[in-house]
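**Student:** This is the structure I want to talk about, given as C-alpha cells.
Read-outs throughout are calculated quantities, based only on the coordinates presented, and are distinct from any laboratory measurement. The shown structure was predicted, so the numbers you read here are calculated from the model rather than taken from an experiment. So basically every Cβ, Gly included, is an ideal-geometry build from the backbone, and we count neighbours across all protein chains shown.
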Amino acid sequence: MNLINFPKDRNLIAIIISVFFSLIIIFLFIKLMVVGEDKKNMEIIPATKIAVLDGSRLKAEATCFKAHNELENMLEKVVSNMHETEIKAKAEYEKTKNDKKLSKEEIRRNIEKIEEDWENFSIKFKEEVQNIKNMDTKLSTLLQSKLEKIIEDVSKTHKIDIILNSKINDVISVFYSTGKVNVTNLVVKKLNKILPHVDLEKLK
C-alpha cells in the first residue's frame with residue numbers, strides 16, 4: 001500500500017500556485033503595456049464647448065445692419081427716377097417728332113438734344129448705381145470685420161470652441177471655431193484606412 005507524502009505534495013501545490021499567479025501578473029502587465037501604447041497612438045478629441053448665434057436676430061436687432069436697408073432705398077430711388085426720366089424722354093421725343101409747327105431741321109436738332117440729354121442721364125445713372133454697389137461692398141466688409149472680432153472676443157472670454165448659426169437656412173452655418181475641434185485629420189486617416197481605393201469596375 002502506497003502512502004501519500006504530504007510534505008512533498010504541499011511543496012508541489014505551492015509551486016503550481018506560484019507559477020499560476022506569476023503568469024497572471026505577466027499577462028496583466030503585457031495587457032497594460034498594449035493598452036498604454038494604444039492610448040499613446042490614439043488621436044484624442046478634447047471636450048468641446050459649443051454655443052449658438054441666431055443669425056436672423058443678429059441682422060434684425062443689430063442697428064448697424066440697417067445701413068443695408070438705407071442703401072437699398074437709395075438704389076430704389078435712383079432706379080425709380082431713371083424710369084420716370086425715360087418715360088418723359090420718350091414722350092418728348094414723340095411730341096417733337098410729330099410737331100407740325102417745327103421745320104425738319106428744328107425737329108432734327110431737338111431730337112438730337114433729347115438723345116444727348118438721355119445719354120448724359122444714362123451715364124450719370126450708371127455711375128450712381130455703381131457708387132451704391134461700391135458702398136454696399138465696403139459696408140459688408142466693415143460689418144464682417146467688426147462681427148468677426150466681436151465673436152472671437154466673446155468666444156475667448158467664455159472659452160467657447162465653436163459657435164453655430166441656429167438658423168440652418170442661413171448662408172453662414174459656423175461663425176467661429178478653434179483648431180482643436182477640427183477632426184479632419186482623424187476622419188481622413190480613418191477613411192483612407194477603411195476605403196483606400198474605389199474599384200470603378202464594381203460600380204458598373
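**Student:** Note the direction-averaged projected area, equal to a quarter of the hull surface, for the Cα convex hull of region 50-203, in nm².
**Tutor:** 18.4
**Student:** Filter the GluC sites (Glu not before Pro) in region 46-131 down to the DSSP loop ones having no more than 12 other Cβ atoms within 10 Å, then list what survives.
**Tutor:** Values: sites: E61, E70, E72, E76, E84, E86, E92, E94, E105, E106, E112, E115, E116, E119, E127, E128; in loops: none.
In loop regions of region 46-131 (DSSP not H, G, I, E or B), there are no sparsely surrounded GluC sites (Glu not before Pro).
**Student:** List the pairs from K90/K126; K66/K126; K59/K138; K66/K88; K59/K159; K88/K124 whose alpha-carbon separation is above 28 Å, in the order I gave them.
**Tutor:** K66/K88
**Student:** Could you sort 48-58, 137-147 so that the peptide with the highest average Cβ count within 10 Å comes first and the rest follow in order? Mind showing how you got there, number by number?
**Tutor:** Numbers: 48-58: 14.2, 137-147: 12.3.
The most tightly packed comes first, giving 48-58, 137-147.
**Student:** What percent do you get for the relative contact order of region 50-203 when only Cα pairs under 8 Å and 6+ apart count?
**Tutor:** Numbers: 89 pairs, mean separation 52.1, N = 154.
Once divided by the residue count of region 50-203, the mean separation gives 34 percent.
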